[in-house]
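Q: Okay, here's the structure, questions in a sec.
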Amino acid sequence: MKVGRFLTINNTLEPQVWQNKRLSGLIKQNLTAIAVDFFDDLGFGENFKGHIEHITFTGSLANFNWTAHSDIELHLIIDFSKIDENFDLVREYFSAKTSNWNKMHQIKIFGYEVEVYIQDPSEEHHSSGVYSIMNDQWLVEPAKQDPKIDAYMVTRKVNSLSDMVERVEDLYDDEKYQDAHTFSIKLAKKIKKFRQSGLEERGEYSFENLAFKYLRNQGLIK
């Protein structure tokens, strides 16, 4: 596999999303409405809005490595300690709620799917492009670069994970539905942990993250 199959570096930010490096007013308005709707669905009402510290736009669409398969990553920054002193409990609660909300709401803007994430201010977020929707300014402004990537390791991990996905499909085709379901849940967790470790250790151009993006872009794990 060639490096270009894993990574796209564009000359500009996505022109429908960005105007003179500022977020499109239409997108900003829509994403703010989505954030409000998300919390309304949780049933917290007006009292909960005081816990929102920031609303940010991040991911590849806030950078030069965007593709037609990129998502609009909408991050809602909330101080978990203001919800409950049990940090892990609050994180698991929001993880379940955002997962369910994203499944139930297939929202697209200019053809890009919107994915909502909840993040505590203390949690590290590994992205070289982060835009504040609330303040309408860059928190981390992206810079075009020509990163060095380990194409051999990306290829190796893509092949390994593809084989695991095929094993799940084989179980399903053989009508071993319970085994297929159990294995798919474990595999999804494995891939998520795999990607996160790469982001934490080597950043968004790590072979783990690029392998994940390749699998997603090819529709193998969508």
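Q: Counting other C-beta atoms within 10 Å, and keeping those with at most 16, which DSSP coil chymotrypsin sites (Phe, Trp or Tyr not before Pro) do you find in region 52-133?
A: Values: sites: F57, F64, W66, F80, F87, Y93, F94, W101, F110, Y112, Y117, Y131; in loops: F64, W66, F110.
Hits after loop and neighbour filter: F110.
Q: Would you please give the residues with an amide H less than 5 Å from that of E53, counting only those at least 5 places away or on a separate chain, with H modeled from the backbone geometry?
A: Hits under the 5 Å cutoff: I77, I78, D79.
Q: Follow-up. Hey, rough spin-label estimate for M164 and H54, points 7 angstrom out along Cα→Cβ, what's it come to in nanometres?
A: 3.1 nm
Q: Which whole-number value in Å² is the accessible area per residue of the chain, probe 1.4 Å?
A: Per residue, the chain has 57 Å² of solvent-accessible surface.
Q: I'd like the accessible area for D173: 1.4 Å probe, protein heavy atoms, all chains in place, Å² to the nearest 10.
A: Roughly 110 Å² of D173 is accessible to a 1.4 Å probe.
Q: Still on this structure, please answer the following. Counting Lys and Arg as +1 and Asp and Glu as -1, each charge on the Cβ, what is the dipole of the chain about the Cα centre in debye, to the nearest 20?
A: Computed charge dipole of the chain: roughly 780 debye.
Q: With the cut-off at 25 Å, tell me which of the pairs K148/K193; K148/K213; K28/K190; K148/K189 have Cα atoms farther apart than that.
A: K28/K190; K148/K189
Q: Seen from all sides and averaged, what is the projected area of the convex hull of the Cα atoms in region 73-139, in nm²?
A: 5.5 nm²
Q: Let me ask another. Send over the Kirkwood Rh of the chain, from the inverse of the averaged 1/r over different Cα pairs, rounded to one decimal Å.
A: Numbers: mean 1/r = 0.0529 Å⁻¹.
Evaluated over the chain, this radius sits at 18.9 Å.
Q: How many percent of the accessible area of region 87-206 is carbon or sulfur, using a 1.4 Å probe?
A: 49 percent
Q: Please work out the Kirkwood hydrodynamic radius for region 94-222, using every pair of different C-alpha atoms, and report it in angstroms with one decimal place.
A: Result for region 94-222 stands at 17.1 Å.
Q: Follow-up. How high is the relative contact order of region 160-222? Use alpha-carbon pairs under 8 Å, at least six apart in sequence, and give a whole percent.
A: Reported relative contact order: 26 percent.
Q: Once amide H atoms are built 1.01 Å from N in the peptide plane, which residues 5 or more positions from D150, or in another chain, come under 5 Å H to H?
A: F207
The values are calculated or read from the model by the stated rules, or taken from the named source; none is laboratory data. In this text the structure is predicted, and so the values were computed from the model without any measurement. For neighbour counting, all protein chains shown are included, and Cβ atoms are generated from backbone atoms with ideal geometry for every residue, glycine included. Ligands, DNA and RNA are excluded from the accessible area calculation, which covers all protein heavy atoms including side chains. Shrake-Rupley method; radii C 1.70, N 1.55, O 1.52, S 1.80 Å.
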